[in-house]
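A short write-up of the structure that comes next.
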Amino acid sequence: MFPISFLRPGTLMDGLCKNERFAEAIELYDLLEKNGLKPDIVVYNIIINGLCKTGQLFEAKELLYSLSTKDLQPDTRTYNVMINGYCKEGMLHNAEALFHVMVEKSLVPDDFTFNILAQGFLVQGSDADKAMHFVNTMIEKGFSPNAETMSKLLNLQVPGGLNQERINMLLNFVHKA
């Protein structure tokens, strides 16, 4: 095994998280801080992602909001990770509120941002109108819905079925995408 100084801590943490060894990634993060090493935003994104994947959204949110005290600014990836965590847990109000915070901070949402919000409102919230709003905004911004989002839109089951307005909107999305 290589000494820790040889490996980038973020790479090691990312590997630990991808192998679902979140507790060890957190231990490494704590070790870095105790030894006076200053993690960068990439490391924080990895830790926030690990916390979200283990359902520790409160801790992830606390870490997100503590970044400014560490002279770091969250980036689009940071917000995407948190928004995704909220959507996966069905906390769509929190996800949408964080999306607005992101925009207010002049960070540019990307295709991943819009896709996770649209999918969240389709799957967790059963709110087709809100999902379609995010898809429409995504297309207006020059992004395309990914295959998973389009599949969920095409399989949309809403009370009262797909009315003509929704069918036209879906056809418009397919045409623009």
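The values are calculated or read from the model by the stated rules, or taken from the named source; none is laboratory data. These figures come from a predicted structure and were not determined experimentally. Don't worry about glycine lacking a Cβ; one is built from the backbone with ideal geometry, like all the others, and counts go over all protein chains shown.
Structure data summary
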| quantity | calculated |
| --- | --- |
| Residue match in segment 67-81 (condition: without any contact (Cβ under 8 Å) to a residue 60 or more places away in the chain and either on the phi > 0 side of the Ramachandran plot or touching a Cys at 6+ places or on another chain (Cβ under 9 Å) (or both)) | yes |
| Residues of segment 70-83 classified as surrounded by fewer than 16 Cβ atoms within 10 Å (Cβ to Cβ), in a loop (DSSP other than H, G, I, E, B) and of a type outside the set (Asp, Glu), total | 1 |
| Lone qualifier among 14, 75 - being among the charged types (D, E, K, R) and under 14 Å from the mean Cα position of the chain (by Cα) | 75 |
| Residues within segment 19-59 that are buried (at least 22 other Cβ atoms within 10 Å of the Cβ) and either among the aliphatic types (A, V, I, L, M) or out of contact with any helix residue (DSSP H, G or I) (no Cβ under 7 Å at 6 or more places or on another chain) (or both), tallied | 6 |
| Residue match in segment 128-142 (condition: surrounded by fewer than 22 Cβ atoms within 10 Å (Cβ to Cβ), within 25 Å of residue 42 (Cα to Cα) and either among the charged types (D, E, K, R) or in contact with a Phe, Trp or Tyr (Cβ under 6 Å, 6 or more places away or on another chain) (or both)) | no |
| Positions within segment 17-45 being modelled with pLDDT of 85 or more and within 19 Å of the chain's Cα centre (by Cα), in sequence order | 40, 41, 42, 43, 44, 45 |
| Residue 96 acidic (Asp, Glu), modelled with pLDDT of 90 or more, within 26 Å of residue 61 (Cα to Cα) and crowded, with 17+ Cβ neighbours inside 10 Å | yes |
| Pairs where the first residue, in segment 122-145, is under 19 Å from residue 94 (Cα atoms) and the second is of a type in the set (Lys, Arg), C-beta under 8 Å, 6+ apart | 122/152; 123/152; 124/88; 128/166; 131/152; 132/166 |
| Residue match in segment 48-69 (condition: among the hydrophobic types (A, V, I, L, M, F, W, C) and not in a helix (DSSP H, G or I)) | no |
